[in-house]
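K.L.:
Just dropping this structure here.
The values are calculated or read from the model by the stated rules, or taken from the named source; none is laboratory data. Being a predicted model, the structure only gives us computed values, none of them experimental. Cβ placement follows ideal geometry from the backbone for every residue including glycine, while neighbour counts extend to all protein chains displayed. Surface areas here come from the heavy atoms of the whole protein model, side chains and all, with no ligands, DNA or RNA. Shrake-Rupley method; radii C 1.70, N 1.55, O 1.52, S 1.80 Å.
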Amino acid sequence: MPVDPGCLDGRIMKCLTFFLLLPETFKKSKKSGGRAGGKVQACYEIVPLALKRKMAAELYPAQHTDIPDNATAKKNALHIPPHSSPPPPPLHNLNNNHIDTDHWQSSHPTLRERYLYSDEIDLEADTVLATLYAAKKYIVPALAKACVNFLETSLEAKNACVLLSQSRLFEEPELTLRCWEVIDAQAELALKSEGFCEIDLPTLEIIVTRETLNTKEDVVFEAVVSWADAECKRQGLPATPTNKRNVLGKALYLVRIPTMTLEEFANGAAQSDILTLEETRSIFLWYTAANKPQLEFPLVKRKGLAPQRCHRFQSSAYRSNQWRYRGRCDSIQFAVDKRIFIGGLGLYGSSCGKAEYSVKIELKRQGVVLAQNLTKFVSDGSSNTFSVWFEHPVQVEQDTFYTVSAILDGNELSYFGQEGMTEVQCGKVTFQFQCSSDSTNGTGVQGGQIPELIFYA
């Protein structure tokens with residue numbers, strides 16, 4: 001929910017009071033429910049665009065004075081008085097959170113050496129952005145770094161677009177990169193989140209132009225229309241098709257509508273009323289006519305993300321009297337040394353010719369189910385693996401063991417893996433494997449089922 005600029009300024013001053021006046025360590029109340037299961041529950045307040053302009057002008061006067069405002073005509077009456085003190089110099093040093101090393105604060109890595117009484121920092125989701133703003137404005141690099149680290153640890157699909165917008169405002173390239181990792185891999189979840197509708201227009205445009213979004217184009221179109229609806233409400237305009245087109249501007253023509261299937265277009269964009277009748281007609285002709293009309297929309301499909309596969313066996317085999325499924329559980333535990341996104345599993349199929357299996361796959365952490373899917377696949381009798389996908393890629397953190405399981409049901413004998421490895425290097429990611437107590441069908445580190453983990457990194 002957007003906050004009043006005066007209200008946010010008051011919260012910033014409250015933060016500064018903690019920093020500059022209290023003789024004791026930072027003391028923040030521990031709100032119940034603030035943390036659950038070791039995961040920070042992030043609920044970030046959205047900084048209004050008018051206030052973003054003010055904040056950016058104070059932090060980066062040379063770079064950000066031209067931050068666009070979608071409601072400029074409506075908000076021209078808003079007057080921001082000039083600072084009585086001279087503006088700070090440009091901030092560039094990436095190793096010090098863009099802080100110019102000429103400032104004396106930059107030579108002191110701890111808070112105590114700036115007379116802030118304590119090195120203890122206790123941040124919470126509803127104040128971290130205001131605290132980061134204050135740390136940037138008053139040149140406290142250690143506090144700024146702590147805020148960025150906090151934001152990175154709480155990053156997930158539902159807040160990735162919001163944090164991308166904020167990371168661009170505060171010029172934090174590492175946080176921006178982490179946001180893109182989540183948005184690319186979990187694009188559908190990110191674009192359908194409430195936070196997506198709260199981002200500014202330049203951030204919307206840069207997301208929609210992203211080549212590596214791992215989702216269908218009809219999802220992108222629906223997200224853009226939802227953003228336009230929210231923007232009309234922010235500007236006090238009726239959410240009519242004309243107003244939605246006006247607030248979107250050129251962003252509408254960044255959606256790659258012709259790369260949808262004909263069915264997706266007919267059931268979605270063609271009935272949205274956002275497109276003109278002439279545009280709808282031209283796109284239908286582009287799908288079906290030999291002499292295709294020219295379109296203003298991009299024609300080339302996004303590349304998306306290429307899935308990677310971690311093979312944990314060095315060979316596979318079959319025997320005439322071994323390895324049936326019949327509803328028993330095959331399971332293995334794994335850990336990685338960097339954040340990845342698990343998309344699905346590669347499984348072995350029948351060793352006796354073509355066969356159909358029903359399968360339930362599951363991903364758990366400390367006994368909690370993170371994702372599952374119940375589906376079917378048909379194997380062709382070869383030793384190839386067959387991909388079974390979760391509905392959405394699942395974020396997996398580093399240095400924590402997760403459990404993947406597969407319960408297959410079918411009458412045929414199957415291939416199985418041999419010469420399993422406890423550690424596998426896949427590109428820049430190292431996987432470690434260990435046996436799972438959930439496994440009741442013989443699968444372990446050395447042999448069995450679940451030969452592949454399919455992931456994005």
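K.L.:
Name the residue that is surrounded by the most Cβ atoms within 10 Å (Cβ to Cβ), counting only residues in the range 250-261 that are part of a helix (DSSP H, G or I) and under 25 Å from the mean Cα position of the chain (by Cα).
P.N.:
I257
K.L.:
Quick one: which of C161, C147 is closer than 27 Å to F221 by Cα, open to solvent by less than 10 Å² (accessible area, probe 1.4 Å) and either touching a helix residue (DSSP H, G or I) at 6+ places or on another chain (Cβ under 9 Å) or of a type outside the set (K, R) (or both)?
P.N.:
Exactly one of C161, C147 is closer than 27 Å to F221 by Cα, open to solvent by less than 10 Å² (accessible area, probe 1.4 Å) and either touching a helix residue (DSSP H, G or I) at 6+ places or on another chain (Cβ under 9 Å) or of a type outside the set (K, R) (or both), namely C161.
K.L.:
Given Q314, Q322, which one is assigned to a loop (DSSP other than H, G, I, E, B) and not acidic (D, E)?
P.N.:
Q322
K.L.:
If you scan the range 402-416, which residues turn out to be in a loop (DSSP other than H, G, I, E, B) and crowded, with 17+ Cβ neighbours inside 10 Å?
P.N.:
Residues of the range 402-416 that are in a loop (DSSP other than H, G, I, E, B), as a first pass: 410-413, 415.
Listed by number, the residues that qualify are G410, E412, L413, Y415.
K.L.:
Got a number for residues in the range 175-185 being in contact with a strand residue (DSSP E or B) (Cβ under 9 Å, 6 or more places away or on another chain) and either open to solvent by 10 Å² or more (accessible area, probe 1.4 Å) or not small (G, A, S) (or both)?
P.N.:
3
K.L.:
Let me confirm something: among E217, E264, E172, E231, which residue is surrounded by fewer than 23 Cβ atoms within 10 Å (Cβ to Cβ) and acidic (D, E)?
P.N.:
On the way: E217 fails: surrounded by fewer than 23 Cβ atoms within 10 Å (Cβ to Cβ); E172 fails: surrounded by fewer than 23 Cβ atoms within 10 Å (Cβ to Cβ); E231 fails: surrounded by fewer than 23 Cβ atoms within 10 Å (Cβ to Cβ).
Exactly one of E217, E264, E172, E231 is surrounded by fewer than 23 Cβ atoms within 10 Å (Cβ to Cβ) and acidic (D, E), namely E264.
K.L.:
OK, next. From the set of residues in the range 200-214 that are among the aliphatic types (A, V, I, L, M) and without any contact (Cβ under 8 Å) to a residue 60 or more places away in the chain, which is surrounded by the fewest Cβ atoms within 10 Å (Cβ to Cβ)?
P.N.:
Per the criteria, the residue is I206.
K.L.:
Taking E188 as meeting all but one of (1) surrounded by fewer than 22 Cβ atoms within 10 Å (Cβ to Cβ); (2) over 22 Å from I340 (Cα atoms); (3) in contact with a helix residue (DSSP H, G or I) (Cβ under 8 Å, 6 or more places away or on another chain), write down the number of the exception.
P.N.:
Exception for E188: condition (2).
K.L.:
State whether the residues of the range 291-305 include one that is of a type in the set (A, V, I, L, M, F, W, C), out of contact with any Leu (no Cβ under 8 Å at 6 or more places or on another chain) and either open to solvent by less than 30 Å² (accessible area, probe 1.4 Å) or within 30 Å of A335 (Cα to Cα) (or both).
P.N.:
yes
K.L.:
Out of T422, T430, report the one residue that is out of contact with any Leu (no Cβ under 6 Å at 6 or more places or on another chain), open to solvent by 60 Å² or more (accessible area, probe 1.4 Å) and among the hydroxyl-bearing types (S, T, Y). I'd like the intermediate steps shown before the answer.
P.N.:
Numbers: T430 fails: open to solvent by 60 Å² or more (accessible area, probe 1.4 Å).
After ruling out the rest, the residue left standing is T422.
K.L.:
Here are some conditions: (1) at pLDDT below 95; (2) touching a Lys or Arg at 6+ places or on another chain (Cβ under 7 Å); (3) surrounded by fewer than 19 Cβ atoms within 10 Å (Cβ to Cβ); (4) not β-branched (V, I, T). Y357 meets all but one. Which one does it not meet?
P.N.:
Looking at each condition in turn, Y357 falls short on (3).
K.L.:
Could you tell me which numbered condition W323 fails, if it satisfies all but one of (1) crowded, with 18+ Cβ neighbours inside 10 Å; (2) under 23 Å from F390 (Cα atoms); (3) not β-branched (V, I, T)?
P.N.:
(2)
K.L.:
So which of T375, T440 ends up being surrounded by fewer than 17 Cβ atoms within 10 Å (Cβ to Cβ), among the β-branched types (V, I, T) and within 22 Å of Q322 (Cβ to Cβ)?
P.N.:
T440
K.L.:
Another one. Can you name the residue in the range 268-290 that is assigned to a helix (DSSP H, G or I) and of a type in the set (S, T, N, Q) and, of all such residues, is nearest to the chain's Cα centre (by Cα)?
P.N.:
Filtering first and then ranking leaves Q271.
K.L.:
Would you point out the residue of the range 417-457, among those that are hydrophobic (A, V, I, L, M, F, W, C), touching a strand residue (DSSP E or B) at 6+ places or on another chain (Cβ under 6 Å) and not in a loop (DSSP other than H, G, I, E, B), that is nearest to Q333 (Cα to Cα)?
P.N.:
Among those residues, the one meeting the criterion is F433.
K.L.:
Just the residues that are open to solvent by 70 Å² or more (accessible area, probe 1.4 Å), free of Cβ contacts under 8 Å to residues at least 60 places away in the same chain and assigned to a strand (DSSP E or B), please, taken from the range 379-394.
P.N.:
Matches in the range 379-394: E391 only.
K.L.:
So which residues in the range 273-290 are of a type outside the set (A, V, I, L, M, F, W, C) and open to solvent by less than 40 Å² (accessible area, probe 1.4 Å), if there are any at all?
P.N.:
E279, T280, S282
K.L.:
Still on this structure: Kindly indicate whether any position in the range 129-146 is modelled with pLDDT of 90 or more and closer than 28 Å to P298 by Cα.
P.N.:
No: zero hits.
K.L.:
Further question: With the structure loaded, tell me whether R328 is among the basic types (K, R), within 35 Å of the chain's Cα centre (by Cα), farther than 30 Å from K428 by Cα and modelled with pLDDT under 95 or whether it fails that test.
P.N.:
yes
K.L.:
Would you mention how many residues in the range 225-266 are without any contact (Cβ under 8 Å) to a residue 24 or more places away in the chain and farther than 23 Å from Q294 by Cβ?
P.N.:
Looking only at that region, the number is 10.
Here is a yes/no grid of residues against (1) among the polar types (S, T, N, Q); (2) under 26 Å from D380 (Cβ atoms); (3) in contact with a Gly (Cβ under 8 Å, 6 or more places away or on another chain):
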| site | (1), (2), (3) |
| --- | --- |
| E412 | no, yes, yes |
| Y415 | no, yes, yes |
| Q418 | yes, yes, yes |
| Q425 | yes, no, no |
| Q434 | yes, no, no |
| T440 | yes, no, no |
| G447 | no, yes, yes |
| L453 | no, yes, yes |
| A457 | no, no, yes |
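K.L.:
I've got another one for you. Could you tell me which numbered condition G420 fails, if it satisfies all but one of (1) over 20 Å from L189 (Cβ atoms); (2) among the small types (G, A, S); (3) without any contact (Cβ under 8 Å) to a residue 40 or more places away in the chain?
P.N.:
(3)
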